[in-house]
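Remarks on the structure that follows.
The values are calculated or read from the model by the stated rules, or taken from the named source; none is laboratory data. Since we're looking at a predicted model, the values are computed, not measured. Because the Cβ atoms are built from the backbone with ideal geometry, glycine has one as well, and the counts that use them run over all protein chains shown.
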Amino acid sequence: MKINRWQLNKKKLQTTPKDERALFILLGHAVNEINILNKTFYLSTMFENESEWVVQIHVSQNLVYARTLIGKLYEAWQLLKKGYFQTKLSEKYDAQLETTVVDALKQLKKYFGPKNLIADIRNGFSFHCSSRFDHKHKPPVL
């Protein structure tokens, strides 16, 4: 695990343009939420030597964590897409980023560009509940 620690200079942060400052803070918040959910999801899978019905309960609970985590991943992508790419901040800052970061951003754009499983799960299961069961709609295969 790699841990990064950043010292924020309050005066410098205050001189950053308002939209950039808001994006920085919101992305930091999103990363924290994703990390917490990811760790909780991982830890909730740690059960052994349980009866079948207890295992089924754990699995059901884990699906709640998984759906929430997937929803948060989708929301973080939307934040990045709208706040970084659509505002053209990417054109301003991409040249200053490490190659690995630029490559990761390209991979994210490629994954989230077309129809993707994270969007399907987020829109169909994570944060939205259908008011009726539609027999024509097939849920994504996991």
Filter pass, residue 79 being modelled with pLDDT of 95 or more and closer than 27 Å to residue 126 by Cβ: yes
Residue list for the range 66-98, restricted to those being outside any helix (DSSP H, G or I) and either surrounded by 18 or more Cβ atoms within 10 Å (Cβ to Cβ) or on the phi > 0 side of the Ramachandran plot (or both): 88
Within the range 21-45, tally of residues that are within 14 Å of the chain's Cα centre (by Cα), of a type outside the set (D, E, K, R) and farther than 10 Å from residue 65 by Cβ: 10
The range 99-135: number of residues that are at pLDDT 85 or above, exposed (fewer than 10 other Cβ atoms within 10 Å of the Cβ) and under 24 Å from residue 65 (Cα atoms): 1
In the range 39-56, residue surrounded by the fewest Cβ atoms within 10 Å (Cβ to Cβ) [restricted to those that are on the phi < 0 side of the Ramachandran plot and assigned to a loop (DSSP other than H, G, I, E, B)]: 48
